[in-house]
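Down below is the structure, laid out as structure tokens.
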Amino acid sequence: MFAVFPYITPFDFEGPVSSGETVQLACLVTKGDPPLSIKWFFNGEPLIPHLGAITGMFGQKTSILSINSVKQINRGRYTCLATNEAGTASYSADLRVNG
């Protein structure tokens, strides 16, 4: 039996945000056999916590990215990468920050 390739439900930020606002993204993997690995990237590099963005798993197929107080340094492309033995899927969204 073949493993099912991961599929990520499309997501996006709700338009430009202002400094100090809170944003969240949910990376929901609706298809794909376990075990699944879900990781976040920022502008093509692994997400690092000192930028103010934190991530956490909600169950086995959802990862939440949260930025409690957006700053200009948070502006850029956020990518969720889901991997299992069948392959890898990714989806990206751009965060635009006013000012």
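Each value in this text was obtained by applying a stated rule to the coordinates, not by laboratory testing. Note that this is a predicted model, so its numbers are computed, not measured. Methodologically, a virtual Cβ is constructed for each residue, glycine included, from the backbone with ideal geometry; neighbour enumeration extends over all protein chains shown.
Return the residues of the stretch 17-35 that are of a type outside the set (Ser, Thr, Tyr) and within 17 Å of residue 65 (Cα to Cα); say none if nothing qualifies. Give the steps one after another, and end with the answer.
At the first step, the residues of the stretch 17-35 found to be of a type outside the set (Ser, Thr, Tyr) are 17, 20-21, 23-29, 31-35.
Scanning the stretch 17-35 gives 17, 20, 21, 23, 24, 25, 26, 27, 28, 29.
When residues in the stretch 4-46 are screened for being surrounded by fewer than 13 Cβ atoms within 10 Å (Cβ to Cβ) and hydrophobic (A, V, I, L, M, F, W, C), 0 of them pass. Within the stretch 61-99, being free of Cβ contacts under 8 Å to residues at least 40 places away in the same chain and of a type in the set (Asp, Glu) holds for no residue.
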